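**Q** Encoded as structure tokens, here's the structure I'll be asking about.
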């Protein structure tokens, strides 16, 4: 089953956000996103995907080249 068992990344993010809401979750160049902000952005992304019809277990991808765009995705 793996090290996480049945725990999801979403659940881990929620737990860490509750414990350390203001700590940096992501740092890219001069941008900093706290765990609380990351959780808000992840929830907004999830709502958008649900609105598009993507359900639990659905798959998606980001086909844009490079890695610098990921901070804008979140």
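The values are calculated or read from the model by the stated rules, or taken from the named source; none is laboratory data. These figures come from a predicted structure and were not determined experimentally. Heads up, the Cβs are rebuilt from the backbone with ideal geometry, glycines too, and the neighbour counts pull from every protein chain shown.
**Q** Look through the stretch 8-34, keep the residues that are in contact (Cβ under 8 Å) with a residue 24 or more places away in the chain and assigned to a helix (DSSP H, G or I), and return whichever of them is nearest to residue 57 (Cα to Cα).
**A** So in the stretch 8-34, the residues in contact (Cβ under 8 Å) with a residue 24 or more places away in the chain come out as 10, 13-14, 26, 28, 31, 33.
Now restrict to residues that are assigned to a helix (DSSP H, G or I): 10, 13-14.
On the way: 10: 13, 13: 18, 14: 19 Å.
So, considering only residues that are in contact (Cβ under 8 Å) with a residue 24 or more places away in the chain and assigned to a helix (DSSP H, G or I), the one nearest to residue 57 (Cα to Cα) is 10.
**Q** Residue check, residue 5 against (1) within 23 Å of residue 61 (Cα to Cα); (2) more than 12 Å from the chain's Cα centre (by Cα); (3) not in a helix (DSSP H, G or I), all met but one. Which one?
**A** The single condition residue 5 does not satisfy is (1).
**Q** How many residues does the stretch 35-63 contain that are outside any helix (DSSP H, G or I) and either more than 17 Å from residue 13 (Cβ to Cβ) or modelled with pLDDT of 85 or more (or both)? Don't jump to the end; show me each part of the working.
**A** Step one: list which residues in the stretch 35-63 are outside any helix (DSSP H, G or I), which gives 52-63.
Now drop any that are not either more than 17 Å from residue 13 (Cβ to Cβ) or modelled with pLDDT of 85 or more (or both), which leaves 52-55, 57-63.
Summing the residues that are outside any helix (DSSP H, G or I) and either more than 17 Å from residue 13 (Cβ to Cβ) or modelled with pLDDT of 85 or more (or both) in the stretch 35-63 gives 11.
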